[in-house]
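A quick write-up on the structure given underneath.
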Amino acid sequence: MKQESFTTSDLFQIWNRIRNKMNIVESIPYNFGIDKPLFISEIHTIHAIGSTPKNNVRIIADVLGVTPSAASQVITKLTKRGLVRKIRGVHNEKEVSLELTEKGLIAFKNHEQFHAQDFRRISERIGNLSEEERLIFGQVFSEVESIFDERIEELKKVGLLQDREAKGKISEVQFASDRDDVQDKE
């Protein structure tokens, strides 16, 4: 039986369950039709590069909601794997633009099919959303994101985020693919 109304607490519990499940999914590499599987953080970086024509590391970091340092680390890995190419001088001589290689495009296209499957599943369960419903979802997600942006700034102000970063325990964002325990399994 479907629940007909939700309290704010109910919604928060659902959000926490989704977040926990996303953490599980993001810790597992997927096959996107190339030689080695990719972690979700890697394929989302590829997707950001492939869908953002005028880009650089800072723009890709903004698209992903991570620091330029974190984006740069993943982009460097993807470049070494032959999925991304760095090009200097497309927009100006200082700036480095990013583009997908042929192998990167294969992964990009397969990832789009992966998402299309998820969108179909969602649509089958809830139907097509109206413009108004999409607007409401967009507003809710934007506000949730802004709350986490505020939380990050609060952590920086009290020194928790900086202190931990300085000691090398974490970067502002640590992708699953950067963890030693996950890398050892490859």
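Structure notes:
- Every condition in (1) under 24 Å from residue 22 (Cα atoms); (2) buried (at least 18 other Cβ atoms within 10 Å of the Cβ); (3) not aromatic (Phe, Trp, Tyr) is met by residue 37 except one, and the failing one is (2).
A quick yes/no check of all residues on (1) part of a loop (DSSP other than H, G, I, E, B); (2) modelled with pLDDT under 95; (3) farther than 25 Å from residue 118 by Cβ; (4) polar (S, T, N, Q):
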site: 10; (1), (2), (3), (4): no, yes, no, no
site: 22; (1), (2), (3), (4): no, yes, no, no
site: 32; (1), (2), (3), (4): yes, no, no, no
site: 55; (1), (2), (3), (4): yes, yes, no, yes
site: 60; (1), (2), (3), (4): no, no, no, no
site: 74; (1), (2), (3), (4): no, no, no, no
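- Filtered by the rule that a residue be more than 14 Å from the chain's Cα centre (by Cα) and basic (Lys, Arg), the stretch 9-38 gives 17, 21, 36.
- Taken together, the criteria place residue 62 among residues that are surrounded by 13 or more Cβ atoms within 10 Å (Cβ to Cβ), acidic (Asp, Glu) and within 23 Å of residue 144 (Cβ to Cβ).
- Residue match in the stretch 96-118 (condition: surrounded by 12 or more Cβ atoms within 10 Å (Cβ to Cβ), of a type in the set (S, T, N, Q) and over 24 Å from residue 24 (Cα atoms)): yes
- Failed condition for residue 26, given (1) at pLDDT 90 or above; (2) in contact with a helix residue (DSSP H, G or I) (Cβ under 6 Å, 6 or more places away or on another chain); (3) surrounded by fewer than 19 Cβ atoms within 10 Å (Cβ to Cβ); (4) under 24 Å from residue 144 (Cα atoms): (1)
- Meets criteria (of a type in the set (A, V, I, L, M), within 19 Å of residue 61 (Cα to Cα) and either in contact with an Asp or Glu (Cβ under 9 Å, 6 or more places away or on another chain) or assigned to a loop (DSSP other than H, G, I, E, B) (or both)) for residue 78: yes
- Residue check for residue 45: out of contact with any Ser or Thr (no Cβ under 9 Å at 6 or more places or on another chain), exposed (fewer than 14 other Cβ atoms within 10 Å of the Cβ) and modelled with pLDDT of 95 or more: no
- Every listed requirement among (1) closer than 14 Å to residue 50 by Cα; (2) within 19 Å of the chain's Cα centre (by Cα) is met by residue 138 save one, (1).
- Any hit, the stretch 63-70, residues being within 27 Å of residue 161 (Cβ to Cβ), outside any loop (DSSP other than H, G, I, E, B) and touching a Lys or Arg at 6+ places or on another chain (Cβ under 6 Å): yes
- You will find that of 40, 59, 46, the residue that is among the β-branched types (Val, Ile, Thr) and free of Cβ contacts under 8 Å to residues at least 60 places away in the same chain is 59 and no other.
- Listed here are the helices (runs of 4 or more DSSP H) enclosed by the stretch 104-186 that have at least 3 residues being modelled with pLDDT of 90 or more: 131-157.
The values are calculated or read from the model by the stated rules, or taken from the named source; none is laboratory data. Everything quoted here is computed from the prediction, not taken from an experiment. Don't worry about glycine lacking a Cβ; one is built from the backbone with ideal geometry, like all the others, and counts go over all protein chains shown.
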